[in-house]
Amino acid sequence: MTQLVVLQHLEREGPGRFAEEAGRRGWGLTVCRPDLGQPMPRLGADQALLVLGGPMGVADIGSPDHSWLAAEVDLLRECLDCERPVIGLCLGAQLLAFAAGGRVEPLVAGDPPGRAYELGWGPVDWTQSEAEEPVLSGLGAGAPVLHWHGDRIRLPAGATLLGSTELCAEQMFRIGHHAHGLQFHVEVTDSALERWLREDAAWVRTALGPDGVEQVREGQARWGEAAEHQGRRLINNLLDRVAALLGAFPLA
C-alpha cells in the first residue's frame, strides 16, 4: 500500500488536505515529529516523503534548539539520490532545495532593498505549460494561494522553476523527476488557518501591520473557496505523480 511519511515540525502545521486526499485514495499516512525527539524514519518500498513547514529555517541548521534539521537534510539527500518521491511545503521546500545544493536567504524587496514578507492571499504565475508539467494540469491562471513566509529560495543547478510571484520568484519547483517544492501552502484547512492566526498573530502583524490578522481573514472569506479548489487539484496532481513514480520504480 502506498504510504505518505510526513515530517511535521510544529503542532499547528499538520498535513491537512494532503492527509485528506491521501485518505480518499486508501493510502496510509505516518507522521514523524523530529522536533519532539522522534528519530528520522527509515523509508521502505511504496513510501513517499512529505516535508511540512515551520517557523525554523535553513539558517537554524546546527542550532542546539533544532539539532534534528541536519538529519532531515541528510534524509532528503538520500531521497534525492535514490529518486524517492518527495514533496516539500514552505520550510520543506527550502530544506529540499538546500539538500540539492541551493540556498535560502531572507526575502528582500524595494529600492533600496529592505526586509520583506509574503503573507496572505495571492496568485502564482505558472512558468511551464501543462503539457510540459502534468502536476500543473487543470490549475489555470489567477486563482490565489496562501503565502506565509519571509525567506527566498535560490534554486540549485538543474532545478526546474514551475511557479513564481512578483515578490518572490521561487514559488514552486521540481528537482529531477521525483521531487517537488512549494513555497506556498495548499495543505492548510480553514480551521488550521484560524489556529495559525491565533498562535502566530504577532508575526502576522509584523509582516502586514496592525490589521494583518484581519487582512488574512478577509482574504480567506473572499478567496478561500477558490483556493481550496485549486489546492486540492494541485495536491491530487502531486499524489498522482507519486503513485506513478512508485509504480514505475518500486524502491527497496
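With the gyration tensor restricted to C-alpha atoms of the range 208-249, the semi-axes of the equivalent ellipsoid amount to 35, 11, 4 Å, longest first.
Applying 0.36 nm per residue to the separation of Arg205 and Glu83 and subtracting their alpha-carbon distance, the gain on full extension is 39.9 nm. Taking the average, over residues, of other Cβ atoms within 10 Å as the packing measure, peptides 89-98, 190-199 rank 89-98, 190-199 from highest down.
Distance from the alpha carbon centroid of the range 4-25 to that of the range 63-131 works out to 18 angstrom. Once the Cα atoms are used to define both axes, helix 68-82 deviates from the longest principal axis of the chain by about 50 degrees. Take the chain with all the other protein chains still there, run a 1.4 Å probe, and you get 43 Å² of accessible area per residue.
Working ranking of peptides 123-135, 28-40, 76-88 by packing, defined as the average number of other Cβ atoms within 10 Å per residue, highest first, is 76-88, 123-135, 28-40. Counting Lys and Arg as +1 and Asp and Glu as -1, what is the net charge of the other residues whose Cβ lies under 13 Å from the Cβ of Ser164? Counting the neighbours of Ser164, the net charge comes to -3.
Taking each DSSP H run with n ≥ 4 as -39500 (n - 2.57) and averaging over every residue of the chain yields -11500 deg cm²/dmol at 222 nm. Averaging the sequence gap over all C-alpha pairs within less than 8 Å and six or more residues apart, then dividing by the number of residues, gives the range 1-132 a relative contact order of 21 percent. Counting Lys and Arg as +1 and Asp and Glu as -1 over every other residue whose Cβ lies under 10 Å from the Cβ of Thr189, the net charge comes to -3.
Calculated on the alpha-carbon coordinates, the convex hull of the range 28-114 measures out at 112 cubic angstrom per residue. Where a ≥ b ≥ c are the square roots of the eigenvalues of the C-alpha gyration tensor, would you call the chain rounded, which needs a/c under 1.5, or, failing that, prolate if a/b is larger than b/c, or oblate? Taking the square roots of the gyration eigenvalues as a ≥ b ≥ c, the chain is rounded. Across the chain, Cα pairs under 8 Å and at least six residues apart give a relative contact order of 21 percent. In terms of the mean number of neighbouring beta-carbon atoms within 10 Å, the peptides 6-12, 61-67, 180-186, 223-229 order highest first as 180-186, 6-12, 223-229, 61-67. To the nearest ten degrees, helix 212-248 and the longest principal axis of the Cα atoms of the chain are 10 degrees apart.
Starting from the Cα gyration tensor of the range 101-240, take the square roots of the eigenvalues, sort them a ≥ b ≥ c, and report rounded, prolate or oblate (rounded when a/c is under 1.5, otherwise prolate if a/b is larger than b/c, else oblate). Because a/c hits 1.5 or more and a/b fails to exceed b/c, the range 101-240 counts as oblate. How would the range 149-193 be classified by its alpha-carbon gyration tensor: rounded, prolate or oblate, with rounded meaning a/c under 1.5 and the a/b versus b/c comparison settling the rest? Oblate, because a/c is 1.5 or more while a/b does not exceed b/c.
The value of relative contact order for the range 134-252, using C-alpha pairs under 8 Å at least six residues apart, is 31 percent. Considering only protein heavy atoms and a 1.4 Å probe, what is the carbon-and-sulfur percentage of the accessible area of the chain? Carbon plus sulfur share of accessible area: 50 percent.
The values are calculated or read from the model by the stated rules, or taken from the named source; none is laboratory data. Remember, it's a predicted structure, so these values are computed and weren't measured experimentally. As a convention, Cβ positions derive from the backbone with ideal geometry for all residues, glycine included, and neighbour counts pool all protein chains shown. Please note that ligands, DNA and RNA were not included when accessible areas were found on the heavy atoms of the full protein model with its side chains. Shrake-Rupley method; radii C 1.70, N 1.55, O 1.52, S 1.80 Å.
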